[in-house]
1. For region 5-19, does any single residue satisfy the condition of being over 18 Å from the mean Cα position of the chain (by Cα) and surrounded by fewer than 13 Cβ atoms within 10 Å (Cβ to Cβ)?
2. Looking at (1) surrounded by 12 or more Cβ atoms within 10 Å (Cβ to Cβ); (2) modelled with pLDDT under 90; (3) over 25 Å from residue 48 (Cβ atoms), can you tell me which one residue 72 breaks?
3. Restrict the check to region 53-66 and report whether at least one residue is out of contact with any strand residue (DSSP E or B) (no Cβ under 9 Å at 6 or more places or on another chain), touching a residue at least 60 places away in the same chain (Cβ under 8 Å), in a loop (DSSP other than H, G, I, E, B) and surrounded by fewer than 16 Cβ atoms within 10 Å (Cβ to Cβ).
4. When residues of region 32-47 are filtered for being in contact with a helix residue (DSSP H, G or I) (Cβ under 9 Å, 6 or more places away or on another chain) and loosely packed, with under 10 Cβ neighbours inside 10 Å, how many remain?
5. Please find, among 7, 81, 2, the residue that is at pLDDT 85 or above and over 21 Å from residue 103 (Cβ atoms).
6. Let me spell it out: the conditions are (1) at pLDDT below 95; (2) exposed (fewer than 14 other Cβ atoms within 10 Å of the Cβ); (3) assigned to a helix (DSSP H, G or I), and residue 25 meets all of them except one. Which number is the exception?
7. How about region 28-52: which of its residues are assigned to a helix (DSSP H, G or I), farther than 22 Å from residue 11 by Cα and in contact (Cβ under 8 Å) with a residue 24 or more places away in the chain?
C-alpha cells in the first residue's frame, strides 16, 4: 500500500519532468526557427505558458515532498530545539493555509474558464486544461508538505520517501 501511494504521489515529478523537457525542446526549436530559418512558430508562446504553469506547480509539489522548498532555517536554527518544533508547526500552519487559499482560488479560476468557455487564441486549447495545474498542484503540495512535516517533526516516513533518496 505504501508503495502504491508513493507512486501516485510521484506523478508530480514525472509530469513536471516531462513538461520541462518539452518546454526546453520547444524553446530551443523556437529559437532555431525564429533566428536561423526566419519562420517563428506562432503557437509556441501559448504552449510554453501552459507548460511553465505545469512545471511550476507540479515541480513545487515534488520539492515539498523532499523538503526542498524555501525555508528560513537560519533563523529557526537560532532557537532551542523545543522552540524549533513549535516554529515548524506554526510555519506548517501558515504554509498549508496559503496553499489551501491558492487551491480554492485556482479551482474557482478553472470553474470560471469552464463557464466562459475560454481558450487560447491560436491553438484553441481550453484554458481550464492549462490552469487546472494550479488546484491540482496545490492539492499535491498540501499532501506532500504534510507528509514531509510529519517526517521532520515525528520522524515517521508515511509513504517511503527515503526509498527514492
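The values are calculated or read from the model by the stated rules, or taken from the named source; none is laboratory data. These numbers come from a predicted model, not from an experiment. Cβ: placed from backbone, ideal geometry, glycine included. Neighbour counts: every protein chain shown.
1. The answer is no; no qualifying residue exists.
2. Tallying (1) surrounded by 12 or more Cβ atoms within 10 Å (Cβ to Cβ); (2) modelled with pLDDT under 90; (3) over 25 Å from residue 48 (Cβ atoms), residue 72 fails exactly one: (1).
3. Checked region 53-66: at least one residue is out of contact with any strand residue (DSSP E or B) (no Cβ under 9 Å at 6 or more places or on another chain), touching a residue at least 60 places away in the same chain (Cβ under 8 Å), in a loop (DSSP other than H, G, I, E, B) and surrounded by fewer than 16 Cβ atoms within 10 Å (Cβ to Cβ).
4. Qualifying residue count for the region: 1.
5. One residue alone meets the criteria, 81.
6. Looking at each condition in turn, residue 25 falls short on (1).
7. The first filter runs over region 28-52 and keeps only residues assigned to a helix (DSSP H, G or I), leaving 28-35, 44-52.
From what's left, farther than 22 Å from residue 11 by Cα: 28-35, 44-46.
Result: 46, single match.
Yes/no per residue for (1) under 15 Å from the mean Cα position of the chain (by Cα); (2) modelled with pLDDT of 85 or more; (3) on the phi > 0 side of the Ramachandran plot:
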residue	(1), (2), (3)
97	no, yes, no
111	no, yes, no
117	no, yes, yes
121	no, yes, no
134	yes, yes, no
138	yes, yes, no
145	yes, yes, no
153	no, no, no
158	no, no, no
